[in-house]
Amino acid sequence: MEALAAPKLTFKRENGIYRELEWNKDLITVGRDRENDLIIDHPQVSRRHAQFLRDDSGFAIRDLKSTNGTLLNGEIIQGMRELHHQDKVTIADALITFQDPQETLRGPLAAEVLRAIREELRIDSPTKTVFICGQPLDPPLTLKEFQLLDLLYQRKGQVVSKAEIAKLVWDYDVFDFNAIDALVYRLRHRIEPGPNKNKPRYLLTQRGFGYKLVTNPENNAEQKNS
């Protein structure tokens, strides 16, 4: 099993001194005194200037009432402040950057993830479970009802013709399309909320073409009812 990368402090001085310190203990002391873990031999640095602390709740920097202060991302701090990945601590001419490779990256979720989160109707194909607004459909659909819904779900937003449904759900090349209409009718009565059976929200008819499934109706600007 691959070991997790440890947090680090990168240390730079104006005179070109550079080092990386692995943060592998709960307390790292900084100051001019030789007993500190990180020594900064600069006249504007106090003998006991600051501390880097870690515990189960995270990481922090604490100024020890130093004479000339400790800056976090350019701001003078008092007492203790929480640290995050890529935070920069300045003490005299030293720049100390906190590197936490395990921190969760910040940023917008991918568009496909957001769409999945917002889906009102969702299918978990392996368990044959249908979720509507986060709630599993109970009792479950019949075999043909599920096969039809699953087909439309795999092609959501696209129109699927009756001929395709006949071939993929029944495996027939020639088929009485009235049976498909009846199956759609039964499926709508299972998945459409409340009074929407005759004004479907999810399973839409495209007259002359076939059917399509809309899993997030709020984003369907061209919704057509049967």
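The values are calculated or read from the model by the stated rules, or taken from the named source; none is laboratory data. On a predicted model such as this, the values are computed, not experimentally measured, just so you know. Here Cβ is always computed from backbone atoms with ideal geometry, including for glycine, and neighbour counts include all displayed protein chains. When the accessible area is computed, the model is the full protein with side chains, heavy atoms only, and any ligands, DNA or RNA have been set aside. Shrake-Rupley method; radii C 1.70, N 1.55, O 1.52, S 1.80 Å.
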Practice problem: Considering only residues that are in contact (Cβ under 8 Å) with a residue 24 or more places away in the chain and assigned to a strand (DSSP E or B), look in segment 56-76 and name the one that is surrounded by the most Cβ atoms within 10 Å (Cβ to Cβ). | Solution: ILE61
Practice problem: Identify the residue in segment 38-93 that is out of contact with any Pro (no Cβ under 9 Å at 6 or more places or on another chain) and among the basic types (Lys, Arg) and, among all such residues, is farthest from TRP23 (Cα to Cα). | Solution: LYS65
Quiz item: If you go through segment 105-120 one residue at a time, do you hit one that is modelled with pLDDT under 90, open to solvent by 50 Å² or more (accessible area, probe 1.4 Å) and part of a strand (DSSP E or B)?
Solution: no
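Got a sec? Which of GLU2, GLU82 is modelled with pLDDT under 90 and on the phi < 0 side of the Ramachandran plot?
Details: GLU82 fails: modelled with pLDDT under 90.
Sole residue among the options that is modelled with pLDDT under 90 and on the phi < 0 side of the Ramachandran plot: GLU2.
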Practice problem: Kindly list the number of the only condition in (1) open to solvent by less than 20 Å² (accessible area, probe 1.4 Å); (2) modelled with pLDDT of 95 or more that fails for TRP23. | Solution: (2)
Self-check item: Among the candidates LYS224, LYS156, residue that is open to solvent by 60 Å² or more (accessible area, probe 1.4 Å), under 17 Å from PHE131 (Cα atoms) and either at pLDDT 90 or above or part of a loop (DSSP other than H, G, I, E, B) (or both)
Solution: LYS156
Quiz item: For segment 26-52, which residues satisfy the criterion of being open to solvent by 40 Å² or more (accessible area, probe 1.4 Å), over 22 Å from HIS84 (Cα atoms) and among the charged types (D, E, K, R)?
Solution: ARG32, ARG34, GLU35, ASP41, ARG47, ARG48
Quiz item: Just for segment 179-200: of the residues that are at pLDDT below 85 and among the charged types (D, E, K, R), which one is surrounded by the fewest Cβ atoms within 10 Å (Cβ to Cβ)?
Solution: LYS199
